[in-house]
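**Student:** Dumping the structure here so I can ask a few things about it.
The values are calculated or read from the model by the stated rules, or taken from the named source; none is laboratory data. Since this is a predicted model, take the numbers as computed values, not measurements. We place every Cβ from the backbone using ideal geometry, glycine too, and count neighbours over all the protein chains shown.
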Amino acid sequence: MEFKQVVGNRRTIRFFDPNRPVEEEKIQVMLEAANRASRAVNADFAKAIVCYRDELSDEVREQMKTPTTTVQIDLAPVTIFWYGDTSFVNGAQGRLKELVDLGALPVTHGWTHGYVDDLVYPQVLEPLSKDQLAVTWAVSVETGLAIAQAMLAGVDEGLGVGLHAFNPAAVKDILKVPDHWVPMWILLVGYPAEDAKGGGQRPRRKLSDSFYRGQYGNPWTEIPEVTERLTSEGMIQEPMPADASQRMAEIKQLADRFGLPL
Amino acid sequence: MTDQQIESQASVKRWAASAGLSYDPEVQEAKLRILADFCAKVDKEPDELVAFCILRKKETGERFLSVKRRETINQWLEEFTTEQGWAAKQAVVNANVVRSFLIHNGVLIQGPVWRG
């Protein structure tokens, strides 16, 4: 699938086909996509534990639920638990020097082993590693990048995906999660039981509501030809119609199938 | 409670309007019967059942959904389905009728999914 089509096709799927297995090969594609994500200091911020639904007991799945993460946990054949590794500074000097040696961090931009040892590590990374807020910020952003790539790779493989909160205390011991991993999200994966397009793209505000040129307050001006091209290439798709009768009929059919409250 | 008494409860009116029950009288009757039987079992009227799940913080008076009480309702629902002799999908569907009533009254009680 073309990249723009993948971005355009992604939805948060909430009705998965519970009995259609997800191939481990496809999960590996998702993990590799995460592994290829941009990351500061070439650190492995993103950590994940892949669980097939039936490897978790009903009781544990119940405990994992939150007010916003409900039956989708029971329907999705695969749950990927995402964590951020707060020990990312460990080994950072060595990894940066490796990048210097490979030319990824070029001398033209000031990078040398000495720069790493004398400035970047002691003045940037070490202080950052001692600032809990900064660590949480860095880990969250960097892990988010990896999760996004995994999610899009899943869509590219024809899977449905959905990112949700979970109750990490319920699984910490079972999954043997180290103390220095910070819980992020769970990514539910499976083949959609609902329309893979979820009835249309979710409402989005126009670019100028969020993006600016030069300074805040000077909204980005859309170039109509680009918007038109992105529409023809599938990134921008039909939004969910205001008349939700078709979607509601689909939800009723899914509720009947799974015995859900309606 | 008779069907008429049940239907006169504010929480049931809210459920019927929000879930669109009135569009299908047969479905409405069947669902009301399940709710009425459940209410009889736990000796609470529908409005009381909703109120049972919502507590107020002593300090602020702020309303919140009680986790323990929702767990209690789930236990009652398990007993209820057993007593009714429901099994498999019927047990899931019928217990979720009561959960639907509660959901439309702002009380989410998570229940099982039928994956058969």
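**Student:** Does segment B:57-77 contain any residue that is in contact with a Phe, Trp or Tyr (Cβ under 6 Å, 6 or more places away or on another chain) and not basic (Lys, Arg)?
**Tutor:** Among the residues of segment B:57-77, not one is in contact with a Phe, Trp or Tyr (Cβ under 6 Å, 6 or more places away or on another chain) and not basic (Lys, Arg), which makes the answer no.
**Student:** For residues that are of a type in the set (Phe, Trp, Tyr), out of contact with any strand residue (DSSP E or B) (no Cβ under 8 Å at 6 or more places or on another chain) and not in a loop (DSSP other than H, G, I, E, B), tally how many sit in segment A:192-226.
**Tutor:** Of the residues in segment A:192-226, 0 are of a type in the set (Phe, Trp, Tyr), out of contact with any strand residue (DSSP E or B) (no Cβ under 8 Å at 6 or more places or on another chain) and not in a loop (DSSP other than H, G, I, E, B).
**Student:** Here are some residues: A:157, A:142. Which one is touching a strand residue (DSSP E or B) at 6+ places or on another chain (Cβ under 9 Å) and in contact (Cβ under 8 Å) with a residue 40 or more places away in the chain?
**Tutor:** Going through A:157, A:142 in turn, the sole match is A:142.
**Student:** Of all helices (runs of 4 or more DSSP H) completely enclosed by segment B:3-62, which ones contain at least 3 residues that are within 23 Å of residue B:74 (Cβ to Cβ) and touching a residue at least 60 places away in the same chain (Cβ under 8 Å)?
**Tutor:** B:10-19, B:25-42
**Student:** Out of A:203, A:192, A:178, I need the residue that is crowded, with 17+ Cβ neighbours inside 10 Å and more than 14 Å from chain B (Cβ to nearest Cβ). Which one?
**Tutor:** Selected residue: A:192, the only one of A:203, A:192, A:178 that is crowded, with 17+ Cβ neighbours inside 10 Å and more than 14 Å from chain B (Cβ to nearest Cβ).
**Student:** Kindly indicate whether any position in segment B:97-116 is away from chain A (no Cβ under 14 Å) and of a type in the set (D, E, K, R).
**Tutor:** No, the conditions are met nowhere in segment B:97-116.
**Student:** Say whether the condition of being closer than 29 Å to residue A:105 by Cβ, touching a helix residue (DSSP H, G or I) at 6+ places or on another chain (Cβ under 6 Å) and in a strand (DSSP E or B) is met by at least one residue in segment A:60-82.
**Tutor:** Checked segment A:60-82: at least one residue is closer than 29 Å to residue A:105 by Cβ, touching a helix residue (DSSP H, G or I) at 6+ places or on another chain (Cβ under 6 Å) and in a strand (DSSP E or B).
**Student:** Could you list, in sequence order, all residues of segment A:210-262 that are in contact with a Phe, Trp or Tyr (Cβ under 6 Å, 6 or more places away or on another chain), free of Cβ contacts under 8 Å to residues at least 12 places away in the same chain and within 14 Å of chain B (Cβ to nearest Cβ)?
**Tutor:** Passing the criteria: only A:259.
**Student:** Answer yes or no as to whether residue B:55 is in contact with a strand residue (DSSP E or B) (Cβ under 8 Å, 6 or more places away or on another chain) and within 13 Å of chain A (Cβ to nearest Cβ).
**Tutor:** no
**Student:** Would you please name the residue that is modelled with the lowest pLDDT, looking only at residues in segment A:199-235 that are under 24 Å from residue A:2 (Cβ atoms) and among the small types (Gly, Ala, Ser)?
**Tutor:** Among them, the one singled out is A:199.
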